[in-house]
Amino acid sequence: MVVVATVREYINRMLQDISGMKVLILDSFTVSSVSVVYSQSELLKKEVFLVELVDSISMSKESMSHLKAVYFLRPTSENIQHMRRQLAKPRFGEYHLFFSNILKDTQLHMLADSDEHEVVQQLQEFYADFVALDPYHLTLNMAANHMYMLPAVVDPSGLQQFCDRVVDGISAVFLALKRRPIIRYSRTSDIAKRIAHEASKLMYQQESGLFDFRRTEVSPLLLIIDRRDDPVTALLNQWTYQAMVHELIGIEDNKVNLKNVAKLPKDQQEVVLSSEQDAFFKANMYENFGDIGMNIKKMVDDFQQVAKSNQNIQTIEDMAKFVDNYPEYRKMQGNVSKHVTLVTEMSKIVEERKLMLVSQTEQELACNGGQGAAFEAVTNLLNNDSISDIDRLRLVMLYALRYEKESPVQLMQLFNKLASRSPKYKPGLVQFLLKQAGVDKRTGDLYGNRDLLNIARNMARGLKGVENVYTQHQPLLFQTMENITRGRLRDVDYPYVGNHFQQARPQEVVIFIVGGTTYEESRSVALQNSTNSGIRFILGGSALLNSKRFLKDLEEAQRIARINTNVL
């Protein structure tokens, strides 16, 4: 079962057995996990007439005894306190409580003690403690995502909260899938190791009974890796539809905010981009930008044909047919204008920021050797007045990651050039990135130049040529999945937790990236799953990244590190 279907199934079970008018009460996290898989109209069909946040409903005193309250909350101490206050003075006729993860015994007792009016009809754990963006891609939407870059001594309690939340999210995924995995992690990452050990302790000791599902022949694999093993993917411009929209405009919980983009009618200022609700997007989300333009033109032509036939209304039957088909027509019209607006806006940004020029050099830095030519290309772009500050910064970062050991003198020249051209970006941020994710810190063969097999593979790829210069880069994750599929993931790089080992190839693999995932990586996972290799991959992460968010996390970690210079 894929993650979107799993969460939908939970929500169906919550709502379908409770008859009559309902209010659905969520918290700031579960509102995301519900909204990405369930539309407003689907909730209405289940007789949900009101959706409220738990903290705002606490403020209201108005009695609504005709409504049944369905709560879906994370089992946090704040939410338990909200529930206690609301059960002490009940406003609704019935209370149905669902929590998205494991409740502690003490929390259960607190809720039972608060239910003096005996209004609670049921209390259940439904393990949807993650946001299912796509069938094989989930995120935890963590605000303090920069924490993974900081050593434990800087903020021990902040780091513990970060780890606890990641372990909660990972355990919910496996409880929802009804599996207990064997766990491996990235050797060079302290935080991946810590999360792996804490997840193992929860699944095999503290809650071993809960995770004691019927054994599959081969246990699934949970692989915990660190974003810093592949900082390149998070820095690159993107040229496939979903990834490009997120990189240039931004997607949050499968919604795109277009308020600042163009003068649009109010109902089009926020649009939904979901493979579950939009057939055109589902068919084109992984296509490259050139093909998208052609496919949108075809969609516009099809729509014009429908619009023309609607103008030809001559009989009562024609009119009745038009009225019957009108909702579908409106939906089609909305869809056409949504995709046309997105592609038009992205074309404008590509032109303004000269991204085709920038991206060609980015791809060369990510995929091909040749330090001299790379230095010249980056220098020319730094001197080009049309290139934006953020693009200059990314180019210098990509150069530094690739050639930090080979050309320190030229790297210093680029640092100085960047500081003079884009004063707001001090070279310190690039150096902080190297300290975080430089060659000595990474697990895996990011540039395919450490391992003989990868060197040979890259040579073969070079000889074959590349279909599209803008999409030649493949994330490190692609190579990791290939190694798992072929049974070549090295124990020395990705050790096991405890005395668990995998004899046979796993059939289900969850790869969790501490520090966040990108849509380029989720595309890799979807394409890998479509090859029918006999292994199903699911990708999870602490946040959803584009280059802007990755740099924001990097800057925040650097700011905190500076304050704590003595411990770094």
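A count restricted to the stretch 210-225 and to residues that are open to solvent by 10 Å² or more (accessible area, probe 1.4 Å) and part of a strand (DSSP E or B) stands at 1.
The rows are residues; the columns are (1) surrounded by fewer than 20 Cβ atoms within 10 Å (Cβ to Cβ); (2) more than 26 Å from Lys178 (Cβ to Cβ); (3) among the aliphatic types (A, V, I, L, M).
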{"site": "Gln107", "(1), (2), (3)": "yes, no, no"}
{"site": "Asp115", "(1), (2), (3)": "yes, yes, no"}
{"site": "Val131", "(1), (2), (3)": "no, no, yes"}
{"site": "Leu140", "(1), (2), (3)": "no, no, yes"}
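Taking the stretch 380-495 and the helices (runs of 4 or more DSSP H) fully enclosed by it, the elements with 2 or more residues that are basic (Lys, Arg), modelled with pLDDT under 85 and open to solvent by 20 Å² or more (accessible area, probe 1.4 Å) are at 452-464. Here is the figure for the stretch 265-297: residues that are part of a loop (DSSP other than H, G, I, E, B), farther than 25 Å from Tyr470 by Cα and in contact (Cβ under 8 Å) with a residue 12 or more places away in the chain total 4. Taking each residue of the stretch 408-421 that is among the polar types (S, T, N, Q) and looking for partners that are part of a helix (DSSP H, G or I) and open to solvent by 10 Å² or more (accessible area, probe 1.4 Å) with beta-carbon atoms closer than 8 Å, six or more apart or interchain, yields Gln410/Gln371; Gln410/Phe375; Gln413/Thr379.
Looking at the stretch 537-545, is at least one residue of a type outside the set (D, E, K, R), open to solvent by 10 Å² or more (accessible area, probe 1.4 Å) and either outside the structural domain of Gly169 (by the TED database) or closer than 15 Å to His146 by Cβ (or both)? Break it down into steps so the answer makes sense when it comes.
Here is the first cut: in the stretch 537-545, the ones of a type outside the set (D, E, K, R) are 537-545.
From what's left, open to solvent by 10 Å² or more (accessible area, probe 1.4 Å): 544.
Right, trim to either outside the structural domain of Gly169 (by the TED database) or closer than 15 Å to His146 by Cβ (or both) and you get 544.
Yes, the stretch 537-545 has at least one match.
Considering the conditions (1) open to solvent by less than 50 Å² (accessible area, probe 1.4 Å); (2) part of a helix (DSSP H, G or I), Asp55 is excluded by exactly one of them, (1). Selection of first residues in the stretch 1-16 that are in contact (Cβ under 8 Å) with a residue 24 or more places away in the chain and closer than 18 Å to Thr139 by Cα and of second residues that are open to solvent by less than 10 Å² (accessible area, probe 1.4 Å) and among the acidic types (Asp, Glu), restricted to Cβ pairs under 6 Å at least 6 apart or on distinct chains, gives an empty result. Using the structure shown, decide if Tyr519 is closer than 14 Å to Ile224 by Cα and surrounded by 19 or more Cβ atoms within 10 Å (Cβ to Cβ). For Tyr519, the condition - closer than 14 Å to Ile224 by Cα and surrounded by 19 or more Cβ atoms within 10 Å (Cβ to Cβ) - is not met.
Among the residues of the stretch 358-379, those identified as in a helix (DSSP H, G or I) and either of a type in the set (Lys, Arg) or open to solvent by 50 Å² or more (accessible area, probe 1.4 Å) (or both) are Gln360, Glu364, Ala373, Glu376.
Taking Gly534 as the residue in question, decide whether it is assigned to a loop (DSSP other than H, G, I, E, B), modelled with pLDDT under 95 and closer than 18 Å to Ile191 by Cα. So Gly534 fails the test. Looking at the stretch 208-218, can you tell me whether even one residue there is at negative phi and in contact with a His (Cβ under 7 Å, 6 or more places away or on another chain)? No, the stretch 208-218 contains no residue that is at negative phi and in contact with a His (Cβ under 7 Å, 6 or more places away or on another chain).
Residues that are open to solvent by 70 Å² or more (accessible area, probe 1.4 Å) and farther than 14 Å from Asn335 by Cα were ranked within the stretch 292-307; the one that is nearest to the chain's Cα centre (by Cα) is Met294. Check off (1) outside the structural domain of Glu78 (by the TED database); (2) under 30 Å from Leu273 (Cβ atoms) for Asn101 and give me the number that stays unchecked. With respect to (1) outside the structural domain of Glu78 (by the TED database); (2) under 30 Å from Leu273 (Cβ atoms), Asn101 is out only on (1). Confirm whether Lys68 is open to solvent by less than 80 Å² (accessible area, probe 1.4 Å) and in contact with a Phe, Trp or Tyr (Cβ under 8 Å, 6 or more places away or on another chain). Against the criterion (open to solvent by less than 80 Å² (accessible area, probe 1.4 Å) and in contact with a Phe, Trp or Tyr (Cβ under 8 Å, 6 or more places away or on another chain)), Lys68 qualifies. If you go through the stretch 257-274 and keep only what is touching a helix residue (DSSP H, G or I) at 6+ places or on another chain (Cβ under 8 Å), among the β-branched types (Val, Ile, Thr) and closer than 15 Å to Met332 by Cα, you end up with just Val271.
The criterion of being in contact with a helix residue (DSSP H, G or I) (Cβ under 7 Å, 6 or more places away or on another chain) and either more than 30 Å from Leu395 (Cβ to Cβ) or surrounded by 24 or more Cβ atoms within 10 Å (Cβ to Cβ) (or both) does not hold for Ala196.
Restricting the stretch 236-250 to residues that are of a type outside the set (S, T, N, Q) and open to solvent by 10 Å² or more (accessible area, probe 1.4 Å) leaves a set whose member that is nearest to Gln472 (Cα to Cα) is Trp239. Could you go through the stretch 255-262 and let me know if any residue there is of a type outside the set (Ser, Thr, Tyr), assigned to a strand (DSSP E or B) and open to solvent by 10 Å² or more (accessible area, probe 1.4 Å). Checked against the condition, which is being of a type outside the set (Ser, Thr, Tyr), assigned to a strand (DSSP E or B) and open to solvent by 10 Å² or more (accessible area, probe 1.4 Å), the stretch 255-262 yields at least one hit.
Kindly indicate whether Lys22 is open to solvent by less than 10 Å² (accessible area, probe 1.4 Å), modelled with pLDDT under 95, farther than 24 Å from Asp113 by Cβ and basic (Lys, Arg). If you could, list the steps in order and put the result at the bottom.
Values: open to solvent by less than 10 Å² (accessible area, probe 1.4 Å): yes; modelled with pLDDT under 95: yes; farther than 24 Å from Asp113 by Cβ: yes; basic (Lys, Arg): yes.
Spelling it out, Lys22 is indeed open to solvent by less than 10 Å² (accessible area, probe 1.4 Å), modelled with pLDDT under 95, farther than 24 Å from Asp113 by Cβ and basic (Lys, Arg).
So which strands (runs of 3 or more DSSP E) stay within the stretch 85-136 end to end and still have 2 or more residues that are polar (S, T, N, Q)? Answer list for the stretch 85-136: 120-125.
The values are calculated or read from the model by the stated rules, or taken from the named source; none is laboratory data. Please read all numbers here as calculations on a predicted model, not as lab measurements. Glycine also receives a Cβ, built like all others from the backbone with ideal geometry; neighbour counts cover every protein chain displayed. Side chains are part of the model used for accessible areas, which takes the heavy atoms of the whole protein and leaves out ligands, DNA and RNA. Shrake-Rupley method; radii C 1.70, N 1.55, O 1.52, S 1.80 Å.
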